[in-house]
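Note sheet for the following structure.
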Amino acid sequence: MLNLNLWVPKSPKLPGRQAQSSASDTDVPRPLLRIVILNTKGGCGKSTLATNLAAYYASHDYRTALLDADPQASSLHWLQNRDGAHAAITAINGADRSLRVTRSFQMRVPPGIERLIVDTPAALDSVRLQDMTRDADAILIPVLPSDIDIHAVSRCIAELLLAGRVEQRSERVAVIANRVKKNTLVYAKLQRFLGSLGITFAATLRDTQNYVHASEWGLGIHELEAQGADQDALDWEPLVQWLEQRRVQAKAMPDDATADQTATQSPG
């Protein structure tokens, strides 16, 4: 079992919206949704995606945990900066290389967690890639609008299909265009590429300093009070809607790993 590191956030005055309410400890927990942020290339915004999703769910009264499996620990550093006045997020250090990643996400989080966000390292071997994605309800792949990143994400998806044993038409995989300047040629190229994949293109996040400012305070874009932040927050709505639909689908049908296991156990 992985070690739990429950960070105590600093308490400066923050330029953010305060949490309006919090879930009661006596509430019946909602089913766990396990979200893995993945890209084998560094610098594509995995931690930005992970921290903003964690802040979104926590501020909407979901018991949320953020598992940082990256040795750089960017997500945990973000959480150290988070003010105690904002919705609490459980921190889990998943980067200890002496600990083998367990098969079940349930073994890594405290009971009652409803949304688990996993920030993965850039360089994953085939074994860790499979371990990280096996029990995921949703796998999110952020990609930047550049030729290098488009080439890199095509390799990442190929590795996910082969080493991760994820079906090509799997409904639990989605791509997010990150740090986008719209009405540019490279963004149009990225759109064409993503449209050709047969994988869900869940959201487009614009290139803005609002994410930098939010990160400095341990906030999500939905909690930041700054010019343009409200519009930036709206960019996340299609992604959140897709994720919540994944929760419904995950309850209604077995995931890829369950299907593989069933096929393996069936008599030949």
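The values are calculated or read from the model by the stated rules, or taken from the named source; none is laboratory data. Worth saying up front: this structure is predicted, and the values here are computed from it rather than measured. Every residue, glycine among them, receives a Cβ derived from its backbone with ideal geometry; neighbour counts consider all protein chains shown.
Annotations for the structure displayed:
- Restricting the range 227-236 to residues that are among the acidic types (D, E) and touching a residue at least 24 places away in the same chain (Cβ under 8 Å), the residue that is surrounded by the most Cβ atoms within 10 Å (Cβ to Cβ) is D232.
- For the range 161-182, residues that are of a type in the set (A, V, I, L, M, F, W, C), under 21 Å from Q245 (Cβ atoms) and modelled with pLDDT of 85 or more total 5.
- Only listed residue being modelled with pLDDT of 90 or more and either of a type in the set (G, A, S) or over 30 Å from Q130 (Cα atoms) (or both), chosen from L185, L205, L243, L239: L185
One line per residue, one yes/no per condition, for (1) out of contact with any helix residue (DSSP H, G or I) (no Cβ under 7 Å at 6 or more places or on another chain); (2) touching a residue at least 60 places away in the same chain (Cβ under 8 Å); (3) loosely packed, with under 15 Cβ neighbours inside 10 Å; (4) not aromatic (F, W, Y):
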site: G112; (1), (2), (3), (4): yes, yes, no, yes
site: R115; (1), (2), (3), (4): no, yes, no, yes
site: A122; (1), (2), (3), (4): yes, yes, no, yes
site: L140; (1), (2), (3), (4): no, yes, no, yes
site: L144; (1), (2), (3), (4): yes, yes, no, yes
site: D147; (1), (2), (3), (4): yes, no, yes, yes
site: I150; (1), (2), (3), (4): no, no, no, yes
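- Residue check for L224: surrounded by 17 or more Cβ atoms within 10 Å (Cβ to Cβ), touching a Leu at 6+ places or on another chain (Cβ under 7 Å) and not small (G, A, S): no
- Among the residues of the range 77-98, none qualifies, meaning not one is farther than 23 Å from L219 by Cα, out of contact with any Ser or Thr (no Cβ under 6 Å at 6 or more places or on another chain), modelled with pLDDT under 90 and assigned to a helix (DSSP H, G or I).
- Residue tally, condition of a type outside the set (D, E, K, R) and within 23 Å of L243 (Cα to Cα), over the range 62-73: 6
- S11 vs. criteria more than 10 Å from the chain's Cα centre (by Cα), farther than 19 Å from V109 by Cα, at pLDDT below 65 and polar (S, T, N, Q): yes
- I199 falls short on exactly one of the conditions (1) modelled with pLDDT under 90; (2) of a type in the set (V, I, T); (3) closer than 30 Å to Q80 by Cα, and that condition is (3).
- Close pairs (8 angstrom Cβ cut-off, 6 or more residues apart or separate chains): modelled with pLDDT under 95 in the range 56-73, of a type in the set (G, A, S) and in a strand (DSSP E or B) anywhere: D68/A91
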